[in-house]
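My questions all concern the structure below.
The values are calculated or read from the model by the stated rules, or taken from the named source; none is laboratory data. From a predicted model like this one, the values you see are computed outputs, not experimental measurements. Glycine also receives a Cβ, built like all others from the backbone with ideal geometry; neighbour counts cover every protein chain displayed.
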Amino acid sequence: MDVTLRAGKPEDSNECGRVCYEAFKSIADRHGFPPDFPSPEVAAQIVGSMLRHPRCYSVIAERGGRIVGSNFMDERGAIAGIGPISVDPEVQDSGIGKRMMLNALERAAEKKFAGVRLVQSAYHMRSLSLYTKLGFDPRETLSVFHGAPLKKRIDECEVRAATPSDLDACNRLCAYVHGCDRADELSDAIGQGASVVMRAGRITGYSTSIGFGGYAVAESNDELKALIAAPRELHEPGFLLPSRNAELMRWCLAQGLRVIMQMTLMSIGLYNEPRGAYLPSILY
């Protein structure tokens, strides 16, 4: 198939968003799950923000001058996060996704990232097989939770908006849990929905947001409960929770939240077994 790869541009947003929406929807429909993006417009907004971000790498697949796929890699930390990767349903299973993934991995090697990670839908066996063949190791089974916002308070945990003065404490906490921080990602989220948990006068947890695009780290499940319970809205399709954290899963279920689907966190290179409690983003 005569397909060329090139760097992405901001003006690709709408067409990349359309392809991304249709690609994810076609696979989700085939398996009876909700799509990752509620509309082409939302998909275009998300990929558009990545196309414009100076530390997000993008690769576009074209055939006959028409966009048929795209892939993105967040380069804001020591760990590179890949996604979303999508291929037009008309040309899926033709090797385009593999070429775009190899392109991103070559870029990660050139930039000497300590590791590369992604999150894939567990029902999509072809992507699981492809990523495994390319060297990714499955690390964590994740449950996607969604439901009505809880809008409640957890005893002894005060949730407030994060400020620039919180960055050092939050970065130390992330480094304790994961072995590395996500400082630039957190900086971008300040004023955009990032929150911290105060307990006994100090920061013991934080989140960039509760949803696909956000992550959280904490000393214990109590802080994660406070962060999950605080937002006035839980965006679709939901937030990611490590399935082995059975205590937190039971709490979420008791609050009326429901499991929508499961996903798999995969990695190449550096990976430290997490300490404390955490919620990953759709990147890692």
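Restricting to region 265-284, count the residues that are touching a Lys or Arg at 6+ places or on another chain (Cβ under 8 Å), over 22 Å from E223 (Cβ atoms) and in a strand (DSSP E or B). Spell out how you get there, then give the answer.
Start the filter on region 265-284 by keeping residues that are touching a Lys or Arg at 6+ places or on another chain (Cβ under 8 Å), which leaves 265-268, 271, 283-284.
Remaining after also requiring over 22 Å from E223 (Cβ atoms): 266-268, 271.
Narrowing the set further to residues that are in a strand (DSSP E or B) leaves 266-268.
Of the residues in region 265-284, 3 are touching a Lys or Arg at 6+ places or on another chain (Cβ under 8 Å), over 22 Å from E223 (Cβ atoms) and in a strand (DSSP E or B).
Could you say whether any residue in region 142-158 is under 15 Å from the mean Cα position of the chain (by Cα), over 30 Å from N221 (Cα atoms) and buried (at least 22 other Cβ atoms within 10 Å of the Cβ)? Working first, answer last.
Step one: of region 142-158, the residues under 15 Å from the mean Cα position of the chain (by Cα) are 142-145.
Cutting the leftovers down to over 30 Å from N221 (Cα atoms) gives us none.
No; the residues of region 142-158 include none that is under 15 Å from the mean Cα position of the chain (by Cα), over 30 Å from N221 (Cα atoms) and buried (at least 22 other Cβ atoms within 10 Å of the Cβ).
Looking at I210, is it within 17 Å of the chain's Cα centre (by Cα), of a type in the set (V, I, T) and not assigned by TED's automatic domain parsing to the domain that holds F37? First the steps, then the outcome.
On the way: within 17 Å of the chain's Cα centre (by Cα): yes; of a type in the set (V, I, T): yes; not assigned by TED's automatic domain parsing to the domain that holds F37: yes.
Yes; evaluated as a whole, the condition is true for this residue.
Could you tell me whether region 75-88 includes any residue that is buried (at least 16 other Cβ atoms within 10 Å of the Cβ) and polar (S, T, N, Q)?
Yes, because at least one residue in region 75-88 is buried (at least 16 other Cβ atoms within 10 Å of the Cβ) and polar (S, T, N, Q).
Out of all the residues in region 198-219, which are in a loop (DSSP other than H, G, I, E, B) and farther than 13 Å from L279 by Cβ? Give the derivation first.
Going through region 198-219, the residues in a loop (DSSP other than H, G, I, E, B) turn out to be 200-201, 208-215, 219.
Answer for region 198-219, where residues must be in a loop (DSSP other than H, G, I, E, B) and farther than 13 Å from L279 by Cβ: A200, G201, E219.
Shifting gears a bit: Let me spell it out: the conditions are (1) of a type outside the set (A, V, I, L, M); (2) under 22 Å from G147 (Cα atoms); (3) in contact (Cβ under 8 Å) with a residue 24 or more places away in the chain; (4) part of a helix (DSSP H, G or I), and D36 meets all of them except one. Which number is the exception?
(4)
Taking strands (runs of 3 or more DSSP E) that do not extend beyond region 51-134, which have at least 3 residues that are more than 20 Å from I282 (Cα to Cα)? Write out each step before concluding.
On the way: elements: 56-63, 66-74, 79-82, 115-121.
Strands (runs of 3 or more DSSP E) meeting the threshold: 56-63, 66-74.
A further question on this structure: Pairs needed: first member in region 1-24, under 16 Å from P35 (Cβ atoms); second member anywhere, among the polar types (S, T, N, Q) and assigned to a helix (DSSP H, G or I); C-beta distance under 9 Å; at least 6 residues apart or different chains.
Cβ pairs passing all conditions: G17/Q45.
Within region 212-226, take every residue that is surrounded by fewer than 24 Cβ atoms within 10 Å (Cβ to Cβ) and out of contact with any Phe, Trp or Tyr (no Cβ under 8 Å at 6 or more places or on another chain) and give me the one that is farthest from R117 (Cα to Cα).
Among them, the one singled out is D222.
While we're here: If you scan region 234-250, which residues turn out to be crowded, with 19+ Cβ neighbours inside 10 Å and outside any loop (DSSP other than H, G, I, E, B)?
Passing the criteria: F239, L240, L241, P242, L248.
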